[in-house]
1. Take L294 and I13, extend 7 Å from each Cα along the Cα→Cβ direction, and tell me the distance between the two endpoints in nm.
2. Return the distance in nm (one decimal) between the two label points of a simple spin-label model at Q25 and T113, each offset 7 Å from Cα along Cα→Cβ.
3. Return the single residue from A211, A145, A291 with maximal mean-square fluctuation; model: Gaussian network over the chain, springs between Cα atoms under 10 Å.
4. What order, most packed first, do the peptides 243-252, 132-141 have when packing is the mean number of other Cβ atoms within 10 Å of each residue?
5. Can you order the peptides 23-29, 310-316, 115-121 by their average number of other Cβ atoms within 10 Å per residue, highest first?
6. When the chain is fully extended, how far beyond the present Cα-Cα distance does N67 get from D226, taking 0.36 nm per residue of separation?
7. Given axes a ≥ b ≥ c from the Cα gyration tensor, I'd like to know whether region 1-144 is rounded (a/c under 1.5), prolate (a/b larger than b/c) or oblate.
8. Based only on other Cβ atoms within 10 Å, what is the fewest-to-most ordering of V327, V38?
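Throughout, read-outs are computed from the coordinates displayed, never taken from laboratory work. Treat the numbers as computed from the prediction; the structure is a model and nothing was measured. Neighbour counts are summed over all protein chains in view; Cβ atoms, including those assigned to glycine, are modelled from backbone coordinates with ideal geometry.
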Amino acid sequence: MSRRDDAPLAEQIEFDGDDVAALEQLHAWGFTDGLPVVIPTRGRVKDMCDGASHYPMESLGDLSPRNGTATLQRVAANAVMAGCLPEHMPLLEAAIAAIQERDFNLIGMQTTTHPCGLLAIVHGPVADLLAMNAGHGCMGPGNRANASIGRALRLVLQNIGGAIAGETDKATQGSPAKFGFCFAENEEASPWPALRTTLGFGVEDSCVTVAAAEGPHNINDHGSCDGESILNTLAQTMATVGNNNLYVGGDHFVVFGPEHARAVADSGFSREDVQGYLFEHARVPLDRISAQKLDELTSWGGYADQLDEWRGRIPLAREAALLRVLVAGGAGKHSCWIPTFAVGFSQTRRVELAAELCRL
């Protein structure tokens, strides 16, 4: 929905009417994602601010493309609308800091024709403290924290950052991931160390990883029992001609279901082994790419002089470590690949938990 020219810009708006009328007005002004929202009254916003580590009028930065100032109070108002609880605020604060890292490329994500949404993956103790879903259906509906945190981040990008579909957000077709895409890493079911420990954080840290990502692409393999066979299925699913990672690399995510992860680990594959296998085998041979497409790929990716080095097989990442491998979900022989916008890199930030949350 486009924001109307008469939409108010004030921090606080006086409105004469009940919640039903207020909701209709928020829809009319373009402040929603098209779905009903919780009305952000003064009292609700204050309660939300109370769960944060910043002061209400403190700025968390200016968000592209509008360069709107993300005051804590504004973030809290969007969190209220999304259905968040005050204890969700520290995670939102960390995610908003992470998307402003230069290598993330927020302006690119917000304005591209690519259908990327903001992916947030939560790691560590905070996931349990907020009762987040890391198991069955973790990337879908049904869990308040997963759904409302992902939705709040999207509303922040829209209402503060100014990513308005068809105006500044030029995504050709968009994606359901733009409504909100947030889940927790299933560390308990993972045969490998927690992802954050490979990114320089400690086991005791709570973290959030953000990425400009597509929705998950399912990878079904009920027949394979050994690790190499499962990894081959993953690699051949990933090796497609039209994905953005083939153009410019970037980093992207391979999310194993617990059953696949255990079978792969039991076959002797460490996380680094998995990354190395997929780096070598999830490649696209030149004979699968038309001449016109190859010209486009090499001009965007700048790797025309590397085709001989790659023996005519283009990798989806420029190094194995950029394949981010983790575990999420429940029982069932499914995994997924999450391609990314690729013109930028995911960022991970530590979540500074409020004292009240630590005591839960």
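1. Distance between the two pseudo-spin positions: 5.5 nm.
2. It is 4.0 nm.
3. Result: A291 has the largest fluctuation of those listed.
4. Ranked from most to least packed, the peptides come out as 243-252, 132-141.
5. My ranking of the peptides, most packed first, is 115-121, 310-316, 23-29.
6. 52.2 nm
7. rounded
8. V38, V327
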